[in-house]
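Engineer: Below is the structure I would like to discuss, written out as structure tokens.
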Amino acid sequence: MALALALACLLVVGALGFTLYTASEDMEESLIDQLVSEEMDFLIERHRQDPAFQSQRSSQLQSYIVRDASEEGQLPDHLRQLRPGRHELFLGKDELHILVREEGGTRYYVAYEVGLHDQREQEFKLLVLLSVLTAALASLVLGYWLSGVLVRQVTELAARVGTLKPGQKHEGLVQPGQDPEVALLAHAFAGYQSRIEQMIRREQEFTSNASHELRTPLTAIRTSCELLLADPALSEKSRSRAEWINVAAGRMEEQLQALLFLARGQALGEIDLVALADCVAEAVEPYRSEIARKGLALEMNVAPEAHLDLNYQALRLVLANLVRNALQHTERGFVRIGYAAKRLTVADSGQGIATEHLPRLFERFYRAEDLSGGTGLGLAIVKRICDQYGWRIEIESAPAKGSAFSILFP
């Protein structure tokens, strides 16, 4: 608003200055023409009264009366060829305005050197320019001051709105002394904030109830597995299956916790020094049987000494989704996981992704028509976690050439 007000003032002042600037030239020309015309009228009138009248000449104004050929020969060279009418001539740096008239066989000349008028005109234009610049600066300062006075209450309200956080106490938006319009806006913001808090409260209650209802059967499964594993009479084959079920139930419980944290916009635990090779191995473990069933080559090129400060649970959830996504779209070839220069890449030799699908790949429930399998949530979860922790994710893919998803750590 300050800028708009200052620009409006500047526009008015500039238009006025431009008008004065251009009008000064027209006024100067009119003044010179009037002066020359009056001098010509005076010269003709004096000659009528006194045929022997001799014209006077000064440094700026010269007048001539030509009655015969001898007087014509005494004219300056620049006047001899001029016909009756108005003329403008330049003699070096001097500009002459000349008026020629002919009456009763006598020709009259009036020549006026306009240097002094030009000097005054330039001084006037400089004065106009300085006045416009001064007025522009004053308009800018005045505009910012007025806008500050006019919108102070709005800016104060905007500052209070900017500090609002769900679930935290905050200063009331409606304050005594507010203008009616600002108070109306504050009431609208307050009502909107209240509705948001109610919606968040309902969502938190829902996620809390869902978490409890889903964890109860998972706890029962893990407890049963532990009881089975404690039985020494259990066969090795059954023990192996029970252990696998117990591990899978544990991972489901952790994944459920991660998804609930994401839904609430909270962090997924603490930041620790993580051995990337161990995290990759644990994320891949549930999918080894599927990899073996498809006959795919699993390559894990992550050095044991590779460590990063990050959240272990978040990275494992990201890797698990990327590996599952690779398996869904790869029927032959390989699944390769590599790490170098803070870039962790999950690549496959699957069917690849067409270029037009890449911009929408991380949207929830989005599935390309030429890609089968999946719910459309895995990559959305990956993007959400990466955004939350400041990781950048890149995709390289082409149809029939496989895909590579890279996570770049800060």
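Engineer: I'd like to know if the range 163-172 contains one or more residues that are small (Gly, Ala, Ser), modelled with pLDDT under 75 and either in a helix (DSSP H, G or I) or touching a helix residue (DSSP H, G or I) at 6+ places or on another chain (Cβ under 6 Å) (or both). Walk me through how you get there before you give the answer.
Structural biologist: In the first step, residues of the range 163-172 are kept if they are small (Gly, Ala, Ser); the result is 167, 172.
From what's left, modelled with pLDDT under 75: 167, 172.
Retained after the next criterion (residues that are either in a helix (DSSP H, G or I) or touching a helix residue (DSSP H, G or I) at 6+ places or on another chain (Cβ under 6 Å) (or both)): none.
Checked the range 163-172: no residue is small (Gly, Ala, Ser), modelled with pLDDT under 75 and either in a helix (DSSP H, G or I) or touching a helix residue (DSSP H, G or I) at 6+ places or on another chain (Cβ under 6 Å) (or both).
Engineer: For the subset of the range 219-254 comprising residues that are of a type outside the set (D, E, K, R), more than 24 Å from Ala314 (Cα to Cα) and in contact with a Leu (Cβ under 8 Å, 6 or more places away or on another chain), which member is least open to solvent (accessible area, probe 1.4 Å)?
Structural biologist: Ala242
Engineer: Next up: Do we find that Val154 is at pLDDT 75 or above and more than 27 Å from the chain's Cα centre (by Cα) in this structure? Show your work before the answer.
Structural biologist: Numbers: at pLDDT 75 or above: yes; more than 27 Å from the chain's Cα centre (by Cα): no.
No: the conditions fail for Val154.
Engineer: Can you tell me how many residues in the range 53-68 are over 29 Å from Lys125 (Cβ atoms) and at pLDDT 80 or above?
Structural biologist: In the first step, residues of the range 53-68 are kept if they are over 29 Å from Lys125 (Cβ atoms); the result is 53-57, 63-68.
This time we only want the ones that are at pLDDT 80 or above, so: 53, 63-68.
Here the count works out to 7.
Each row is one residue, and each column tells you yes or no for (1) at pLDDT 80 or above; (2) in contact with a Phe, Trp or Tyr (Cβ under 9 Å, 6 or more places away or on another chain); (3) part of a helix (DSSP H, G or I).
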{"site": "Gln198", "(1), (2), (3)": "yes, no, yes"}
{"site": "Gln204", "(1), (2), (3)": "no, no, yes"}
{"site": "Thr219", "(1), (2), (3)": "yes, no, yes"}
{"site": "Glu226", "(1), (2), (3)": "yes, no, yes"}
{"site": "Pro232", "(1), (2), (3)": "yes, no, no"}
{"site": "Ser240", "(1), (2), (3)": "yes, no, yes"}
{"site": "Glu243", "(1), (2), (3)": "yes, no, yes"}
{"site": "Gln255", "(1), (2), (3)": "no, no, yes"}
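Engineer: Given the condition surrounded by 16 or more Cβ atoms within 10 Å (Cβ to Cβ), aromatic (Phe, Trp, Tyr) and either modelled with pLDDT under 80 or over 23 Å from Ala380 (Cβ atoms) (or both), answer yes or no: does some residue in the range 258-274 qualify?
Structural biologist: Yes, the conditions are met somewhere in the range 258-274.
Engineer: Only one of (1) closer than 30 Å to Ala15 by Cβ; (2) at pLDDT 75 or above fails for Gln119. Which number is that?
Structural biologist: Exception for Gln119: condition (2).
Engineer: Out of (1) closer than 19 Å to Ile407 by Cβ; (2) open to solvent by 20 Å² or more (accessible area, probe 1.4 Å); (3) in contact (Cβ under 8 Å) with a residue 40 or more places away in the chain; (4) not in a strand (DSSP E or B), what's the single condition that is false for Gln351?
Structural biologist: (1) is the only condition that Gln351 fails.
Engineer: Can you name the residue in the range 98-136 that is of a type in the set (D, E, K, R) and closer than 15 Å to Glu28 by Cα and is also surrounded by the fewest Cβ atoms within 10 Å (Cβ to Cβ) among such residues? If you could, list the steps in order and put the result at the bottom.
Structural biologist: From the range 98-136, those of a type in the set (D, E, K, R) are 101-103, 107, 113, 118, 120-121, 123, 125; that's our starting set.
Remaining after also requiring closer than 15 Å to Glu28 by Cα: 113, 118, 120-121, 123, 125.
Working: Glu113: 17, Asp118: 14, Arg120: 13, Glu121: 17, Glu123: 10, Lys125: 16.
Checked the range 98-136; the qualifying residue surrounded by the fewest Cβ atoms within 10 Å (Cβ to Cβ) is Glu123.
Engineer: Same structure, new question: Mind checking which pairs have a first residue in the range 358-383 that is under 13 Å from Gln328 (Cβ atoms) and open to solvent by less than 80 Å² (accessible area, probe 1.4 Å) and a second that is at pLDDT 80 or above and of a type in the set (Gly, Ala, Ser), Cβ under 8 Å, 6 or more apart or different chains?
Structural biologist: Ala368/Ala354
Engineer: Considering only residues that are under 22 Å from Leu256 (Cβ atoms) and either of a type in the set (S, T, N, Q) or open to solvent by 40 Å² or more (accessible area, probe 1.4 Å) (or both), which ones fall in the range 290-323?
Structural biologist: Selection gives Glu290, Asn311, Tyr312, Gln313, Asn321.
Engineer: One residue is enough: does the range 49-66 have a residue meeting the conditions open to solvent by 80 Å² or more (accessible area, probe 1.4 Å), in a helix (DSSP H, G or I) and either touching a Phe, Trp or Tyr at 6+ places or on another chain (Cβ under 9 Å) or at negative phi (or both)? Lay out the reasoning, then the answer.
Structural biologist: Here is the first cut: in the range 49-66, the ones open to solvent by 80 Å² or more (accessible area, probe 1.4 Å) are 49, 51, 54, 56-57, 59.
Checking which are in a helix (DSSP H, G or I) leaves us with 49.
Pick out the ones that are also either touching a Phe, Trp or Tyr at 6+ places or on another chain (Cβ under 9 Å) or at negative phi (or both) and you get 49.
Within the range 49-66, one or more residues are open to solvent by 80 Å² or more (accessible area, probe 1.4 Å), in a helix (DSSP H, G or I) and either touching a Phe, Trp or Tyr at 6+ places or on another chain (Cβ under 9 Å) or at negative phi (or both).
Engineer: A follow-up question, please. Can you spot a residue in the range 79-96 that is over 60 Å from the mean Cα position of the chain (by Cα), on the phi > 0 side of the Ramachandran plot and either open to solvent by less than 100 Å² (accessible area, probe 1.4 Å) or of a type in the set (D, E, K, R) (or both)?
Structural biologist: yes
Engineer: Follow-up question, since we're still on this one. Listed residues Val151, Val66, Val100; which is more than 30 Å from Ala186 (Cβ to Cβ), aliphatic (A, V, I, L, M) and in contact (Cβ under 8 Å) with a residue 24 or more places away in the chain? Steps first, please.
Structural biologist: Values: Val151 fails: more than 30 Å from Ala186 (Cβ to Cβ); Val100 fails: in contact (Cβ under 8 Å) with a residue 24 or more places away in the chain.
When all the criteria are applied, what remains is Val66.
Engineer: Okay, next question. Take the conditions open to solvent by 60 Å² or more (accessible area, probe 1.4 Å) and at pLDDT 75 or above and apply them to Leu185. Does it pass? Can you show your working first?
Structural biologist: Values: open to solvent by 60 Å² or more (accessible area, probe 1.4 Å): yes; at pLDDT 75 or above: yes.
Yes: the conditions hold for Leu185.
Engineer: Could you please tell me which pairs satisfy a Cβ distance under 8 Å, a separation of 6+ or placement on different chains, a first residue in the range 217-238 that is of a type in the set (S, T, N, Q), and a second residue that is open to solvent by 60 Å² or more (accessible area, probe 1.4 Å)?
Structural biologist: Ser238/Leu228
Engineer: Let me ask another. Go through the range 268-314 and tell me which strands (runs of 3 or more DSSP E), entirely inside it, have 1 or more residues that are over 23 Å from Asp387 (Cβ atoms) and small (Gly, Ala, Ser).
Structural biologist: 272-275, 297-301
The values are calculated or read from the model by the stated rules, or taken from the named source; none is laboratory data. Just so we're clear, the structure is a prediction, and the values are computed from it rather than from any experiment. Virtual Cβ from ideal backbone geometry, glycine too; neighbours counted across all protein chains shown. For accessibility, only protein heavy atoms count, side chains too; no ligands or nucleic acids. Shrake-Rupley method; radii C 1.70, N 1.55, O 1.52, S 1.80 Å.
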